[in-house]
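Student: First the structure, then my questions, so here it is.
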Amino acid sequence: MQQEKIPTIIIVGAGLGGLSLYHSLIKNKDKKEFNVKIFERESSPTDRWQGYHIGMSNYGAQSLLNCIPSSIASNLPKAIPDPIPNVEIHGITITDQIGNVLLAPPTKPFKDVYELANVSRGQLAIITYRDRLRDVLLEGVPVQWNKKCIKYVETQEGVWVFFEDGSQEFCNILIGADGINSPIRKQKLPELQIVDYGITHVGADISVPKQLMDKANKIHGNYLACKTLGTKGDSTFMITRLIPIKQEKNDEMNEPHYRATLTYSYPSELDNIDVESDKVKVDDNDPASVIEHVKRLIRELRPDCELTDLLLELWDLAPKTIPNDPIKFPFKTYNPVQRRMMRDIDPMSIKSWTSSRVTLLGDAAHAMSPILGLGANNAIQDADKLSQALLKYTENNISFIEEYEKEMLKRTSADVLKSRNVTFKISTPVGPFGVIIRDSILKVINTMINFYGFVDNLIFKN
Ligand SMILES: Cc1cc2nc3c(=O)[nH]c(=O)nc-3n(C[C@H](O)[C@H](O)[C@H](O)COP(=O)(O)OP(=O)(O)OC[C@H]3O[C@@H](n4cnc5c(N)ncnc54)[C@H](O)[C@@H]3O)c2cc1C
């Protein structure tokens, strides 16, 4: 009897989504065996700095744990340290521009990522180190580095995938997990466009000394994700863990420091303020000029108060040059502090999505505004759902792909639009009356959700 040939799956992109899918396909090998290959354009794991923090939701955590084998799960504490009881609040607080709390949705303490993954109602999150999660997920995965996919060709039998180095590979199913600028999406769905919000976003990864973190905690009450709203459509965000960075011997830092991710967003038209009033040129290849620009905007748009001083001090910590110490910073490419445009892709904005042997997951299909912290969570959920769908793989029928895409499109389009809507709302300038209305609405919502959270907790206590 002739043995059935093992089908080949190619994943393009070794990001959070692509790696989760790889693990899940290998984990399910006993149920359905595939020959899985994963290709990445970066030259090595330390090619590109991968960022400090993301919020892992209960849905993301459930999917992550479904995808990974126990050998990887045992390393998760490196990327997702357990919350520190009575010290860290894994939730978000939104304040006005002088630090009055407008919204602080209820949070529930949980022990670790396993307990979080068991939460089936509402949305909670654990602040996770994005770079370390990528490292943990890379363990034991035979990523083929330096392989930039440029196009594919579908045939009756399968798909040929072409790389920039001139090589090509054949597979039965191709999965584009290749991020927002995915060449696979551009070829498969050229009409699916990236939407530019007209909102500028500047992000920086910083190391915060204890005395400054204490000041921040005094305002934000140990919440790990803190947003402040200005009145000109500008907002700031800081996300951190209250776990000190390991200090090396003879380290010049003589007080504990903490990793934090800082962002500042504003309507892009505010970029012209500097040009007109200060005649200072902002150069996105010069991080120092971008940091100065952010500080000038903060000084100009925010009132004189303790919160504004804190924000300015925090932005002073942003790296003004690209780090060049190969031991402390082994990456070839650093994300310099740069102005970036906020963008998204609504996967349901096109009339039809034709299913084929080529499919997409994560940002490639549905990049979204980072405001609600849903991007990575959806990429990991895609990986989980797609690996389940692939268990139904048969050679001549792609209904399992259709099934995956139907669920993925509905879930992620809703999150793209929700994130877009919130981003636009907080990026709309408000006048003196508008501020009163905005703040009052947020305070009423806050009272309501905390009341319902309290009642919910009483009824569904687990
Ligand atoms: C400031 C900021 C904060 C965020 N905060 C959160 C948060 O709190 N919670 C959350 O859930 N999400 C957050 N996100 C979003 C999150 O990081 C992404 O949504 C998530 O990483 C998407 O995973 P992915 O696997 O689809 O794409 P990525 O992780 O971007 O991986 C794509 C991979 O494909 C590779 N690639 C690209 N092109 C090619 C090619 N042609 N050939 C081969 N390889 C290629 C890339 O090098 C990369 O390794 C945030 C994003 C930003 C910018």
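Student: Identify all residues within segment 260-285 that are in contact with a strand residue (DSSP E or B) (Cβ under 7 Å, 6 or more places away or on another chain) and modelled with pLDDT of 90 or more; write none if there are none.
Tutor: A260, T261, L262, T263, Y264, S265, Y266, P267, S268
Student: Which residues, counting only those in segment 8-49, are surrounded by fewer than 19 Cβ atoms within 10 Å (Cβ to Cβ), within 10 Å of the ligand (Cβ to nearest atom) and basic (K, R)?
Tutor: R48 - this is the single residue of segment 8-49 that is surrounded by fewer than 19 Cβ atoms within 10 Å (Cβ to Cβ), within 10 Å of the ligand (Cβ to nearest atom) and basic (K, R).
Student: For segment 388-414, give me each residue that is more than 22 Å from R130 (Cα to Cα), within 16 Å of the ligand (Cβ to nearest atom) and touching a residue at least 12 places away in the same chain (Cβ under 8 Å).
Tutor: Once the filter is applied, which keeps residues that are more than 22 Å from R130 (Cα to Cα), within 16 Å of the ligand (Cβ to nearest atom) and touching a residue at least 12 places away in the same chain (Cβ under 8 Å), segment 388-414 yields Y404, E405, M408, L409, R411, S413.
Student: Is it fair to say E88 is farther than 30 Å from S355 by Cβ, of a type in the set (D, E) and crowded, with 19+ Cβ neighbours inside 10 Å?
Tutor: So E88 passes the test.
Student: Kindly state which strands (runs of 3 or more DSSP E) lie completely within segment 121-206 and contain at least 1 residues that are within 11 Å of the ligand (Cβ to nearest atom).
Tutor: So the answer is 125-129, 149-154, 159-163, 173-176.
Student: Also: Filter segment 316-354 for residues that are over 21 Å from the mean Cα position of the chain (by Cα), modelled with pLDDT of 90 or more and farther than 30 Å from A414 by Cβ; which is surrounded by the fewest Cβ atoms within 10 Å (Cβ to Cβ)?
Tutor: Checked segment 316-354; the qualifying residue surrounded by the fewest Cβ atoms within 10 Å (Cβ to Cβ) is D316.
Student: Residue by residue through segment 104-156, note down the ones that are touching a helix residue (DSSP H, G or I) at 6+ places or on another chain (Cβ under 8 Å) and among the aromatic types (F, W, Y).
Tutor: Within segment 104-156, F110, Y114, Y129, Y152 qualify.
Student: Please verify whether segment 46-54 includes one or more residues that are among the small types (G, A, S) and not assigned by TED's automatic domain parsing to the domain that holds G158.
Tutor: Yes, there is a match, as at least one residue in segment 46-54 is among the small types (G, A, S) and not assigned by TED's automatic domain parsing to the domain that holds G158.
Student: Separate question: Kindly establish whether I219 is within 24 Å of A288 (Cα to Cα) and either assigned by TED's automatic domain parsing to the domain that holds E88 or of a type in the set (G, A, S) (or both).
Tutor: When the stated conditions are applied, I219 does not pass them.
Student: Can you report the number of residues in segment 351-374 which are closer than 16 Å to G176 by Cβ and either part of a helix (DSSP H, G or I) or away from the ligand (no atom under 11 Å from the Cβ) (or both)?
Tutor: 11
Student: Restricting to segment 410-441, count the residues that are within 25 Å of R343 (Cα to Cα) and either of a type outside the set (V, I, T) or not in a helix (DSSP H, G or I) (or both).
Tutor: 17
Student: Got a sec? Which of I184, I150, I206 is among the aliphatic types (A, V, I, L, M), surrounded by fewer than 19 Cβ atoms within 10 Å (Cβ to Cβ) and either under 18 Å from the mean Cα position of the chain (by Cα) or not assigned by TED's automatic domain parsing to the domain that holds L442 (or both)?
Tutor: From the options I184, I150, I206, the qualifying one is I150.
Student: Something else: Give me a count of the residues in segment 423-457 that are over 18 Å from L124 (Cα atoms) and hydrophobic (A, V, I, L, M, F, W, C).
Tutor: Looking only at that region, the number is 10.
Student: On to the next question. Looking at E403, E300, E407 in this structure, which one is part of a helix (DSSP H, G or I) and modelled with pLDDT under 95?
Tutor: The match here is E300.
Student: Return a yes/no flag: does segment 87-96 have any residue that is in the same structural domain as N378 (by TED's automatic domain parsing) and within 12 Å of the ligand (Cβ to nearest atom).
Tutor: Scanning segment 87-96, I find no residue that is in the same structural domain as N378 (by TED's automatic domain parsing) and within 12 Å of the ligand (Cβ to nearest atom), so the answer is no.
Student: While we're here: Quick check: is even one residue across segment 50-58 within 13 Å of the ligand (Cβ to nearest atom), at pLDDT 95 or above, in a helix (DSSP H, G or I) and in contact with an Asp or Glu (Cβ under 7 Å, 6 or more places away or on another chain)?
Tutor: no
Student: Taking the condition modelled with pLDDT of 95 or more, within 22 Å of R411 (Cα to Cα) and either in contact with a helix residue (DSSP H, G or I) (Cβ under 8 Å, 6 or more places away or on another chain) or more than 13 Å from the ligand (Cβ to nearest atom) (or both), does L76 pass?
Tutor: no
Student: Could I ask something else about it? When only residues in segment 13-38 that are β-branched (V, I, T) and in contact with a helix residue (DSSP H, G or I) (Cβ under 6 Å, 6 or more places away or on another chain) count, which is nearest to C171 (Cα to Cα)?
Tutor: Among residues in segment 13-38 that are β-branched (V, I, T) and in contact with a helix residue (DSSP H, G or I) (Cβ under 6 Å, 6 or more places away or on another chain), the one nearest to C171 (Cα to Cα) is V36.
Student: Quick one: in segment 39-71, which of the residues that are β-branched (V, I, T) and over 11 Å from the mean Cα position of the chain (by Cα) is nearest to F170 (Cα to Cα)?
Tutor: Among those residues, the one meeting the criterion is I68.
Student: Could I ask something else about it? Which pairs have Cβ atoms under 6 Å, sit 6 or more apart or on different chains, and link a residue in segment 338-364 that is charged (D, E, K, R) to one that is within 16 Å of the ligand (Cβ to nearest atom) and part of a loop (DSSP other than H, G, I, E, B)?
Tutor: That search, which allows pairs on different chains as well, returns R339/D284; R343/I194; D344/A367; D344/M368; D344/S369; D363/G179; D363/I180.
The values are calculated or read from the model by the stated rules, or taken from the named source; none is laboratory data. Worth saying up front: this structure is predicted, and the values here are computed from it rather than measured. Note: ideal-geometry Cβ built from the backbone for every residue, glycine included; neighbour counts use all protein chains shown.
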